[in-house]
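The values are calculated or read from the model by the stated rules, or taken from the named source; none is laboratory data. What you are looking at is a predicted structure, and each value in this text was computed from that prediction instead of being measured. We place every Cβ from the backbone using ideal geometry, glycine too, and count neighbours over all the protein chains shown. Heavy atoms of the whole protein, side chains included, go into the accessibility calculation; ligands, DNA and RNA do not. Shrake-Rupley method; radii C 1.70, N 1.55, O 1.52, S 1.80 Å.
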Amino acid sequence: MLNVSDPPTTAPTADLESVELVFSLLELLAGSRHPMGVTEVARQLAISKPRAHRHLRALVQRGYARQDPRTDGYEIGIRLVRLGEQVRERFDVIGAIRPFLAPLRAATGLAVTASAVVGDEVVVLEMLQGASVIDFGVRPGSKLDLHASAHGLVALAFGPPGLMDAALAAPLRTWTAYTLNDAPALQAEVARVRNQGWATAVDAVQIGVNALAAPVRDHRGVGRGAVAIVGATQLIAGEPTAEQIELVTRAAADASRELGWEGA
């Protein structure tokens, strides 16, 4: 006896239809108030039950769906919820930071960057070039090494627990002779950053370039991102000026208050 199945399609069309089906499945499960059975899913999406079951099982295996053990129905999985939270938090952070970036650039004359902690990574969200003719190559969407950037050091010092384990899970990449590339040195620097409230990364990735970053914290005091100025080492020394530290930490504190932080 032949199984009823969907009509065959060419490979590129099949791939596209499969992607579209996955999105349709996720939207269907997210919009349902109760776990959905295979038959209901198949009917709603106008596909065969074997195909619906195949894709649902794939989503379960990846954590994007779960099967209710009582009803055998399917619903959204915790991995998709976490993914949504990470994306939401990213946009919350940039919304809090953005009003303070242009004033910081105007006060320092330097390039200004904003980042967010996304999962166990630090991602640049915004970059405003300064008055310098030097164009710093960091762009929104760039991921920064936790151990070799001022943003990363701030994340390790003030961000969610577990970031240090993530940073040390693989060998620390050596960009220059000044990159922190061993665990004890990194842990000592992070402790110093936590104590002083800001971080620099002079010559860590590119000789002659430094950044000064301070944490943007939420209502719990957990670092969600950072604000930084970036420039040549002639403009931002290994020990920044008191004025630079004041301007950056104040901008970060102002952004933190937008997220509910009530610290000094």
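Hey, can you list the DSSP H helices of the chain whose Cα span along the axis is 18 Å or longer and whose average Kyte-Doolittle score is at least 0.0?
Details: long enough: 11-31 (30 Å, 1.00); 49-62 (20 Å, -1.29); 78-97 (28 Å, 0.28); 183-196 (20 Å, -0.37); 242-258 (24 Å, -0.38).
For the chain, where a helix must reach 18 Å along its axis and average at least 0.0, the hits are 11-31, 78-97.
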Given the stretch 147-204, what whole percent of its Cα pairs are spread farther than 14 Å? 49
Per 0.36 nm of contour for each residue apart, how much would the distance between residue 54 and residue 246 grow if the chain were fully extended, relative to their Cα-Cα spacing? 63.4 nm
DSSP-assigned coil residues among trypsin sites (Lys or Arg not before Pro) in the stretch 12-68, each with at most 11 further Cβ atoms within 10 Å: 33
How large is the accessible surface per residue of the stretch 39-173, computed with a 1.4 Å probe and reported in Å² as a whole number? 52
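What GluC sites (Glu not before Pro) does the stretch 176-260 have in DSSP loop regions with at most 10 other beta carbons within 10 Å? If you can, show how the numbers build up before the last one.
Values: sites: 189, 243, 246, 258; in loops: none.
Sparse-neighbourhood loop GluC sites (Glu not before Pro): none present.
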One computes Rg over Rh for the chain from alpha-carbon atoms, with the Kirkwood Rh, and obtains 1.13
Given only helices, namely DSSP H runs of n ≥ 4 each adding -39500 (n - 2.57), what is the per-residue ellipticity at 222 nm of the chain, to the nearest 500 deg cm²/dmol? -14000 deg cm²/dmol
Whole-percent carbon and sulfur contribution to the accessible surface of the chain (1.4 Å, no ligands, DNA or RNA) stands at 55
Per-selection Rg to Rh, the stretch 29-186 - Cα, Kirkwood hydrodynamic radius: 1.15
Rg and Dmax of the stretch 109-264, Cα atoms, in Å? 14.2, 40
